[in-house]
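Step one of this worksheet: look at the structure below.
The values are calculated or read from the model by the stated rules, or taken from the named source; none is laboratory data. Note that the structure is a prediction, hence the values are computed from the model and not measured. Positions of Cβ are backbone-derived with ideal geometry, glycine not excepted, and every protein chain shown enters the neighbour counts. Surface accessibility is based on the protein's heavy atoms, side chains included, excluding ligands, DNA and RNA. Shrake-Rupley method; radii C 1.70, N 1.55, O 1.52, S 1.80 Å.
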Amino acid sequence: MQRSKLESDRGKCACGRRLKDAAIYTYRSRTDRFLFHRCECGAEWTEHHQDIDPTDPVTSDEVIEVHRQLAKFEGSIAELLQPHPL
């Protein structure tokens, strides 16, 4: 694997392309999720996320909040699926 050449504070790869334009490949295990990113220049980086347990119950307030946020969202599916800080 090639070493990362990211300049994450600016949101761009060392080659100048936007980080959010990189290809994303997902691997999911029972407990974790890994997002492998690859820029067109060949730079690669990985994000690790603790996976969500699909058997955990969801409250009706959480469902309503998701619907509110989706009703206001204007953008692509890729933008919708981008991780957002809490």
Among the residues of region 27-86, the number that are basic (K, R) and within 28 Å of R17 (Cβ to Cβ) is 3
Going residue by residue through region 16-38, is there one that turns out to be within 15 Å of Q82 (Cα to Cα), small (G, A, S), without any contact (Cβ under 8 Å) to a residue 60 or more places away in the chain and outside any strand (DSSP E or B)? yes
Please find, within region 39-48, the residue that is farthest from L81 (Cα to Cα) out of those that are among the hydrophobic types (A, V, I, L, M, F, W, C) and in a loop (DSSP other than H, G, I, E, B). C41
Is it the case that E79 is among the charged types (D, E, K, R), on the phi < 0 side of the Ramachandran plot and outside any helix (DSSP H, G or I)? no
Enumeration of residues in region 50-68 that are assigned to a helix (DSSP H, G or I) and either open to solvent by 100 Å² or more (accessible area, probe 1.4 Å) or in contact (Cβ under 8 Å) with a residue 40 or more places away in the chain (or both): D61, H67, R68
